[in-house]
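Participant: Got a structure here, written out as structure tokens. Questions coming.
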Amino acid sequence: MNNGNTYDIAVNFQHVSVSFGDNEILKDFSLEVQKGECLTIIGTSGCGKTTMLRLVNGLLLPSSGTVEVNGQDVGTSDLIKLRREIGYAIQNVGLFPHMTVRQNIAYVPSLSKRWNRQEENRQIQRLLTVVGLDAAMADRYPSELSGGQKQRVGIARALAANPSILLMDEPFGAVDSITRRGLQKELKNLHKSLGLTILFVTHDIREALRLGDRVLVMKEGKIVRLDTPKAIKENPGSDFVARLLDEDEE
């Protein structure tokens, strides 16, 4: 996919290592994520998936190596500005319980005063429609929403800053399987219509294969396999990946 033009690279990990004391989470990790691709990331617990995401928006900085986002070194970037340009959706959603859906979605744009009241109304309606929710839900509180509705609001909030990159850390892990399939379908539509670069962490191989343009398999802080879902299915490349694929058949 890489044609050698660095402007086609959204996120570039260059020989990145992350250690906490004697515990090395990522080990000489190098990866290019192309603009506009959906990269799904899967691996055992503690393999470095979430650490990898947190490096992208500067919630963590590497012990060695560099992480570049759109050609800029995260380590020397204005982190507040960087985070406002990157959407972040997590499993537990993290909606503010005392705020309405409208206020939750508008939170980041309100910090920079990007929206006036008319623009806010227009954007809230647009974003709720994008994630498959009725605009009438704008004035509800999180306690009045189902698990799937909360996840959709979380995605809408992540999209409110009009990001070019969307980080997703097991965002559908806490919902039932039927709701999960609906959310996966909405995400595929979002990716296709908005052209976002998405880094999507999951523990579900079925989800990884269904959503990813490429699938990154990690183990103990290293890349075990990186390829298209079709190529990985046809050639797992290792016993570890083969065992993951066996879960898909269960």
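The values are calculated or read from the model by the stated rules, or taken from the named source; none is laboratory data. Note that the structure is predicted; figures quoted are calculated from it, not measured. Because the Cβ atoms are built from the backbone with ideal geometry, glycine has one as well, and the counts that use them run over all protein chains shown. Calculation scope for accessible area: heavy atoms of the full protein, side chains included, ligands and nucleic acids excluded. Shrake-Rupley method; radii C 1.70, N 1.55, O 1.52, S 1.80 Å.
Participant: Using a 1.4 Å probe on the protein chains only, how many percent of the accessible area of the chain belongs to carbon and sulfur?
Facilitator: Carbon and sulfur atoms account for 46 percent of the accessible area of the chain.
Participant: Let me ask you something else. With r defined as the distance between the Cβ atoms of Leu111 and Ser143 and R0 fixed at 25 Å, what FRET efficiency is calculated, to the nearest 0.05?
Facilitator: 0.55
Participant: Measuring with a 1.4 Å probe in the full set of protein chains, what accessible area per residue, in whole Å², belongs to the range 24-65? Don't skip to the end; give the middle numbers.
Facilitator: Numbers: 1410 Å² over 42 residues.
On a per-residue basis, 34 Å².
Participant: Rounded to the nearest 20 Debye, what is the dipole magnitude of the chain about its Cα centre when Lys and Arg each give +1 and Asp and Glu each give -1 at the C-beta?
Facilitator: 960
Participant: When the Debye formula is applied to the Cα atoms of the range 90-190, each taken as the same point scatterer, what base-10 log of I(q)/I(0) results at q = 0.23 Å⁻¹?
Facilitator: Listed by q, the Debye log ratios stand at -1.33.
Participant: Right, here's the next one. Could you tell me which residue out of Leu82, Val101, Ser146 lies farthest along the dipole of the range 80-152 toward its positive end? Charges go on the beta carbon: Lys and Arg +1, Asp and Glu -1, centred on the Cα centre.
Facilitator: Leu82
Participant: Next question, about the same structure. Give the accessible surface of the range 85-223 per residue, rounded to a whole number of Å², with probe radius 1.4 Å and ligands, DNA and RNA excluded. Each step should come with its number before you reach the end.
Facilitator: Values: 6510 Å² over 139 residues.
Spelled out: the 1.4 Å probe surface of the range 85-223, per residue, equals 47 Å².
Participant: How much mean residue ellipticity at 222 nm does the chain get from its helices, if each DSSP H run of length 4 or more adds -39500 (n - 2.57) and you divide by all residues, to the nearest 500 deg cm²/dmol?
Facilitator: After summing the helix terms and dividing by residue count, I get -10500 deg cm²/dmol.
Participant: Quick one: of the DSSP bridges fully inside the chain, what percent are antiparallel, nearest 5?
Facilitator: Once the DSSP bridges in the chain are tallied, antiparallel ones form about 50 percent.
Participant: So, one more: How much length is gained on full extension from Glu85 to Asp134, taking 0.36 nm per residue of separation minus their Cα-Cα distance?
Facilitator: Details: separation 49, 0.36 × 49 = 17.64 nm, distance 2.58 nm.
Working it through step by step, the gained length comes to 15.1 nm.
Participant: Please list, in chain and number order, the residues 5+ apart from Glu37 or on another chain whose amide H is under 5 Å from its amide H, with Hs placed from the backbone.
Facilitator: Counting only residues 5 or more places away or on other chains, the set is Ile198.
Participant: Looking at the range 149-250, send over the antiparallel percent of its DSSP beta bridges, to the nearest 5.
Facilitator: Values: 5 of 10 bridges.
In the range 149-250, DSSP labels about 50 percent of beta bridges as antiparallel.
Participant: Here is a further query. Per the Kirkwood formula on distinct C-alpha pairs, the Rh of the range 205-250 is how many angstrom?
Facilitator: Roughly 10.5 Å, rounded to one decimal.
Participant: May I ask you to compute the full-extension gain from Asp22 to Lys222, defined as 0.36 nm times their residue separation minus their alpha-carbon distance, rounded to one decimal in nm? Could the numbers behind the result be given before it?
Facilitator: Working: separation 200, 0.36 × 200 = 72.00 nm, distance 1.66 nm.
Net length gain for the segment: 70.3 nm.
Participant: Report the extension gain between Lys233 and Ser177 in nm, rounded to one decimal, defined as 0.36 nm multiplied by the number of residues separating them, less their alpha carbon distance. Could the numbers behind the result be given before it?
Facilitator: Details: separation 56, 0.36 × 56 = 20.16 nm, distance 2.24 nm.
Taking 0.36 nm per residue and subtracting the Cα distance, the gain is 17.9 nm.
Participant: Give me D for the range 14-60 in µm² s⁻¹, whole number, from Stokes-Einstein with Rh from the Kirkwood sum over alpha-carbon pairs, 4 °C and 1.567 mPa s.
Facilitator: It comes out at roughly 111 µm²/s.
Participant: Let me ask something else. Would you tally the net charge around Arg84, using a Cβ to Cβ cut-off of less than 14 Å, leaving Arg84 out, and scoring K and R as +1, D and E as -1? If you can, show how the numbers build up before the last one.
Facilitator: Working: positive: Lys81, Arg83, Lys113, Arg114, Arg157; negative: Asp78, Glu85.
Result for the neighbourhood of Arg84: +3.
Participant: Please give me the summed charge of the neighbours of Ile155: other residues whose Cβ is under 14 Å from its Cβ, Lys and Arg +1, Asp and Glu -1.
Facilitator: +4
Participant: Separation between the Glu247 and Asn121 pseudo-spin-labels, each 7 Å from Cα along Cα→Cβ, expressed in nm?
Facilitator: Using points 7 Å along Cα→Cβ, the separation is 4.7 nm.
Participant: Rounded to two decimals, what is Rg over Rh for the range 170-250 when you use alpha-carbon atoms and the Kirkwood radius?
Facilitator: 0.97
Participant: Compute the orientation-averaged projected area for the chain from the convex hull of its Cα atoms and round it to one decimal in nm².
Facilitator: On the way: hull surface 56.6 nm².
Computing the convex hull of the Cα atoms and averaging its projections yields 14.2 nm².
Participant: Another question about this same structure. Over the Cα atoms of the range 1-108, what is the Rg over Rh ratio if Rh follows Kirkwood?
Facilitator: Rounded to two decimals, Rg/Rh equals 1.00.
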